Amino acid sequence: MPRPVWMWTLPLWLAVTALGAWGLVSGQRAALRAAFDLDARVLHRVLSQRMEQQETVLHAVSALLTQDLPAGTLRGSVQTLIRPYRQIVAVESCAAAGCQLVAPGRAALPLLPFSPSPGPSVHWPAGSGARYALSLGRARVWVNAGALLPARDLPEEPLTVQLFRPDGGALVLGQAAPVRHAAWAFSVDKRLGTALEPFPVRFERAYAWTVWPWGELLAWVAVTALLAWGLARALIVRARSERTLLDERRRAQGIVQASTDGIVVLDAGGVVVQANPAARRILDGLQVGQAIGSAAQFQATLSQAPFDAAGFWQARAAVALPDGTALQRGAQRVLVEGGLTPLTGEGGHLLGRVLTLREVGPLQQRMLAQLDAGERRVREHEATLTHVSRLSTLGEMSAGLAHELNQPLTAIVSYGQASLRLLNQAEPDLTRARQAVQGMVTQAQRSAEIIARLRTLVRRAPAQRVKVDLVQAARNILTLCQADLTRLDVQVDAPLPTAAFVTGDPVQVEQILLNLVRNALEAMAGVPRRHLSLRVRSAETSWALTVQDSGAGLTGAALANLFQPFQTSKREGLGLGLSLSQTLAQGMGGDLSGENAVAGGARFTLTLPQWTGDPDS
Ligand code: ADP
């Protein structure tokens, strides 16, 4: 057991025990002293009364002697008078010639010459032992002081009573057994309370050590020892748990300090409470007491992993820094990884957060760069797919070409005819003829442009008839468009079933879906609330997939010629996406329809025949 606890619990225990023991012993002493004082008072009172009785007898005998009664009568009266008082041993009638016994003496009387005195007087002749005489006039009453206190008058608890004669000698009236090595000895000196016999009297009583309250003392020592032991134990246990806690804290501190990862402890308000050396190195200039927001300014380097500062710093659950998060350190841009973990208290309240940071090594930096390149490739693939999706069937292209080229060709013919007409005139108007020829050139160039543009689109793969999972196709397209969905902050609602198997061409199905999703994204670009909903449901023999957006919806003009080629409301649009998609859908035995949703926005529904297991059905 550690010394410090005992160093003060032991003296405390001793002090408390001693104080209590002193209280118990002194209480006992006071009680015994009080009992002794009472006994002494009672005995003093008894002795004083006895003296008064003797004096009363003396006065009565003196009065009887003056009456000259016959000897027999006198004796009888005196005997009656003294009978109750065992200490009166004889009564004498004295005259100048000497004294005569009136009442028979109970023992031989000491020799005492008569000397008449007017008032009462006491005579204690030398060598008379316990006996002394009281005389008044002719009367003389002998008292045996030794009989003043018969044993029955002594208290139960014996005490020593000493009566002092006028010559200083002492008579023992009551005797207590002697006590060796007394624990306490009480004594009190008094004088008997009569005018005639005011003898000094001493009462004494001694107590042996056995009267101490040993039982209570032992019990008290045991109780206090038990309490002291309990207190010491509690203190030791507390000290031990405090030490364990401190060790734990030191260990945790050591781990934090030794960690090569940056560790920053924040309070609930985002202020730095503690930061290890690695954290100070990564976040150059980080100070305790500083708001973390100003020290750790994270930036995103990958477009598909934007850094949402508010969401990150306020997170109520552990969050990781997105891939490609960077920190600006002076002129240097450092890639970091790590996360933020909330620290919660007993009741679940937020105590603070722990930010862990690690500089991303060169290998990881290269991997991130490759990831970025990969993402770029995905985007290029998406662009290509978009482009490919603009593929037309030959018929579609012919129709498109005819439609597109018809207008410039008609214009060229008109301009040519006008030029001929002008040049055939007697005085040809060369200026106007030149303008007409210029018009022809312009229209011819436009035709060439149209042809060139369309040529790049023409590439057609033969359609397949295989088992296609419409749900998987929808998931693929959402993944493909993820970057744009995130960039535009589109809320996607796609509670899709596990699978929906249709018969079709997997590439064409994805082309149609990509067209629909891209149109939806373009339609939502200018609206504040962007919501894209995808649903797949089964009809009798087909599966239907609906793409609904929260854009402005289809205009009247767009609705009227929705699936006509070259119908576009966009500056850069070709107006081929929907017509091509419908042609592809119909080619796979399904259809594509479009309408405005009641809640606003456009809704397109692609239906495709359910997979029956027979590709030719
Ligand atoms: P493009 O996208 O090149 O214009 P499309 O055939 O895909 O060609 O679309 C034709 C036209 O239909 C668009 O120009 C647009 O006016 C309208 N349209 C298509 N999808 C939507 C949509 N989701 N919301 C509103 N209008 C749409």
| request: Compute log10 of I(q)/I(0) for region 104-161 with the Debye formula, placing one identical point scatterer on every Cα and leaving out solvent, at q = 0.14 Å⁻¹, to two decimals. | output: -0.50
| query | Helix 506-524 versus the longest principal axis of the chain: what angle, 0 to 90°, nearest 10, using Cα atoms? | reply | 70 degrees
| message | Quick check on the chain: what does the Kirkwood estimate of hydrodynamic radius come out to from the alpha carbon pairs, in Å? | response | 39.0 Å
| note | Relative contact order in percent for region 171-219 (Cα pairs under 8 Å, 6+ apart) equals 37 percent
| request: Leaving ligands, DNA and RNA out of it, rank PHE114, PHE36 by accessible area with a 1.4 Å probe, largest first. | output: PHE114, PHE36
| query | In degrees, nearest 10, range 0 to 90: what is the angle between the Cα axis of helix 3-65 and the longest Cα principal axis of the chain? | reply | 30 degrees
| request: Report P(r) for region 519-617: all Cα-Cα distances, bin width 10 Å, range 0 to the bin holding the largest distance, values in whole percent. | output: 15, 43, 31, 10, 1
| said: Just to make sure I understand: if all protein chains stay in place, what is the order of VAL211, VAL61 by accessible area at 1.4 Å, largest first? | reply: VAL211, VAL61
| query | Using a 1.4 Å probe, what is the accessible area per residue for the chain, in Å²? | reply | 55 Å²
| field | About the Cα centre, charge dipole magnitude for the chain (Lys/Arg +1, Asp/Glu -1 at Cβ), debye | value | 2040 debye
| request: Go through the chain and flag any cysteine with no other cysteine's C-beta closer than 4.7 Å, please. | output: CYS481
| remark: The answer for the per residue Cα convex hull volume of region 1-63, in Å³, is 45 Å³
| request: Positive end of the charge dipole of the chain (Lys, Arg +1 and Asp, Glu -1 on Cβ, about the Cα centre): tell me which of ALA520, HIS59, GLN365 has its Cα farthest that way. | output: HIS59
| request: Working from Cα positions, state the angle (0 to 90°, nearest 10) between the long axis of helix 214-258 and the longest principal axis of the chain. | output: 20 degrees
| Percent accessible area from carbon and sulfur atoms, the chain, protein chains only, probe 1.4 Å | 57 percent
| field | Relative contact order for region 493-617, counting Cα pairs under 8 Å that sit 6 or more residues apart, in percent | value | 30 percent
| query | Using unit Cβ charges (K, R positive; D, E negative) and no other charged atoms, how large, in debye to the nearest 20, is the dipole of region 105-171 about its Cα centre? | reply | 400 debye
| query | With every protein chain left in place, what is the accessible area of ARG421 in Å² (1.4 Å probe, nearest 10)? | reply | 150 Å²
| remark: The answer for trypsin sites (Lys or Arg not before Pro) in region 281-358 that fall in a DSSP coil and have at most 13 neighbouring Cβ atoms within 10 Å is ARG316
| note | Scoring only Lys, Arg, Asp and Glu (+1, +1, -1, -1) among other residues with Cβ under 13 Å from the Cβ of LEU534 yields +2
| query | Picking from SER550, LEU606, GLN564, whose Cα lies most toward the positive end of the charge dipole for region 505-611 (charges on Cβ: Lys, Arg +1; Asp, Glu -1)? | reply | SER550
| Leading residue at positive end of dipole, region 280-348 (Cβ point charges), from LEU283, THR325, ALA300 | LEU283
| said: Could you work out the relative contact order of the chain? I mean the mean sequence separation of Cα pairs under 8 Å and 6+ apart, divided by the number of residues, in percent. | reply: 7 percent
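The values are calculated or read from the model by the stated rules, or taken from the named source; none is laboratory data. If you're wondering where the values come from, they're calculated on a predicted model, not measured in any experiment. FYI the Cβ positions are ideal-geometry reconstructions off the backbone, even for glycines, and counts take in every protein chain you see. Please note that ligands, DNA and RNA were not included when accessible areas were found on the heavy atoms of the full protein model with its side chains. Shrake-Rupley method; radii C 1.70, N 1.55, O 1.52, S 1.80 Å.
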